[in-house]
Amino acid sequence: MYRVQKDKEPADFLEWMLDHASMFKGYGKMGLKVFHEYREKIVYYANKEVHERLVRALEQTDFKEWSAEHGYKTPDYDRGVVQYLKNKKRRKDPGIDQNSLRSIQRDHLLYYSKMEKNLVMLRELYAAILIPQEERDSGRSIVFQKQLKNMPSEFHFMTDDYVSKLLTVSKQKECLFRLSSEYAKTRDKKWSIKIKSQKQRCRQVQRSDILPMIQWVAVHRYLEENEKQDREYDQQEAKEMFEQMAEEALQKCDMAPLNPRYRLDFVLLSCFGDTEMSYLSEILCEYIQPEEE
């Protein structure tokens, strides 16, 4: 079919491509699938961690007794916590220090607010280089600290806008086809300008997008398995888990395998230290530009 159509006039050929857009998945369909999979894993581990932290914090209070007194058969960590916090804030002596109350309220909000998945992922990936919630302008969920200009290009930051373009690339490509078809028909420069702008919206999943996500998940999966088996941290085992996960994902995406000669790969592998693990965002702290006095 393609051979028959490719000899047509450019405008007619582009129209045919637009009608059969599903045949032209040149945006890395498997890369997008792997990106989706790891975003879901990050959201899962992030929510699990927040909920466990919330429960532990409430276990240090009289929340269980308060719940029973107020008719709850079992503690309700959603509405029950909201009522509990209101009750405590009304009292002159709540029996809990203010820092603990704020911590419980923050984790409750994180878990039950149903934050958009992209924001949860970015919050976790870049935790060490985000401006703390209490220092941000109201309504802004993800705000990066200032960064130095000499930060290596391999360590680019994904933003919410960047991720949104990655996840809608199929629609963006179809729009690009339409614009290209109009330009082929008319040769009007206005379409050329629109095409140039549209190309900037056609993001493709990069190796440098996926690898930090894999490393983050590898750390959490290793911690989870160690906790279940009550084992101590082992640097080699942790690193091998990351290497295996990276090898599988990169192979699926037809991307270059993990190689310590690449700067990003070297840094991610070095996150598995002798006695503990760290994240890429903690390494990126070195590139944060200090505030001017």
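The values are calculated or read from the model by the stated rules, or taken from the named source; none is laboratory data. These numbers were taken from a predicted model, which means no experiment stands behind them. As a convention, Cβ positions derive from the backbone with ideal geometry for all residues, glycine included, and neighbour counts pool all protein chains shown.
Ser208 - would you say it is small (Gly, Ala, Ser), closer than 22 Å to Val43 by Cβ and either in a loop (DSSP other than H, G, I, E, B) or modelled with pLDDT under 95 (or both)? Please lay out each step first, then the result.
Details: small (Gly, Ala, Ser): yes; closer than 22 Å to Val43 by Cβ: yes; either in a loop (DSSP other than H, G, I, E, B) or modelled with pLDDT under 95 (or both): yes.
Yes, satisfied.
If you check every pair at least six apart or on different chains, which have Cβ atoms under 6 Å apart with a residue in region 257-274 that is on the phi < 0 side of the Ramachandran plot first and a residue that is polar (S, T, N, Q) second?
Leu264/Ser208; Asp265/Asn259; Leu268/Gln215; Cys271/Ser278; Phe272/Gln235; Asp274/Gln235
Assuming Tyr45 fulfils every condition listed in (1) aromatic (Phe, Trp, Tyr); (2) free of Cβ contacts under 8 Å to residues at least 60 places away in the same chain; (3) surrounded by 15 or more Cβ atoms within 10 Å (Cβ to Cβ) apart from one, which condition is it?
Of the numbered conditions (1) aromatic (Phe, Trp, Tyr); (2) free of Cβ contacts under 8 Å to residues at least 60 places away in the same chain; (3) surrounded by 15 or more Cβ atoms within 10 Å (Cβ to Cβ), the odd one out for Tyr45 is (2).
Restricting attention to region 276-290, does a residue exist that is assigned to a loop (DSSP other than H, G, I, E, B), in contact (Cβ under 8 Å) with a residue 24 or more places away in the chain and either touching a Phe, Trp or Tyr at 6+ places or on another chain (Cβ under 6 Å) or of a type in the set (Phe, Trp, Tyr) (or both)?
Within region 276-290, one or more residues are assigned to a loop (DSSP other than H, G, I, E, B), in contact (Cβ under 8 Å) with a residue 24 or more places away in the chain and either touching a Phe, Trp or Tyr at 6+ places or on another chain (Cβ under 6 Å) or of a type in the set (Phe, Trp, Tyr) (or both).
Checking the condition surrounded by fewer than 15 Cβ atoms within 10 Å (Cβ to Cβ) and farther than 21 Å from Phe157 by Cα, which residue from Arg221, Arg231, Arg263 passes?
Working: Arg221 fails: surrounded by fewer than 15 Cβ atoms within 10 Å (Cβ to Cβ); Arg263 fails: farther than 21 Å from Phe157 by Cα.
After applying the criteria, what remains is Arg231.
Restricting attention to region 43-77, report how many residues are under 16 Å from Ser100 (Cβ atoms) and not in a helix (DSSP H, G or I).
Matching residues across region 43-77 total 4.
For region 78-183, which fully contained helices (runs of 4 or more DSSP H) count at least 2 residues that are more than 20 Å from Ala46 (Cβ to Cβ) and at pLDDT 70 or above?
On the way: elements: 79-90, 98-112, 117-125, 160-167.
Here the list reads 79-90, 98-112, 160-167.
Which of the residues belonging to region 48-79 are among the small types (Gly, Ala, Ser) and either more than 30 Å from the chain's Cα centre (by Cα) or exposed (fewer than 15 other Cβ atoms within 10 Å of the Cβ) (or both)? Before the answer, list the steps.
Initially, region 48-79 is screened for residues among the small types (Gly, Ala, Ser), giving 57, 67-68, 71.
Ser67, Ala68, Gly71, listed by residue number.
Is there any pair linking a residue in region 226-250 that is within 17 Å of Asp265 (Cβ to Cβ) to one that is of a type in the set (S, T, N, Q), with Cβ under 6 Å and at least six apart or on different chains, and which?
Phe242/Gln215
Please verify whether region 89-103 includes one or more residues that are over 28 Å from the mean Cα position of the chain (by Cα), surrounded by 14 or more Cβ atoms within 10 Å (Cβ to Cβ) and either among the charged types (D, E, K, R) or within 30 Å of Met213 (Cβ to Cβ) (or both).
So far as region 89-103 goes, no, none of its residues is over 28 Å from the mean Cα position of the chain (by Cα), surrounded by 14 or more Cβ atoms within 10 Å (Cβ to Cβ) and either among the charged types (D, E, K, R) or within 30 Å of Met213 (Cβ to Cβ) (or both).
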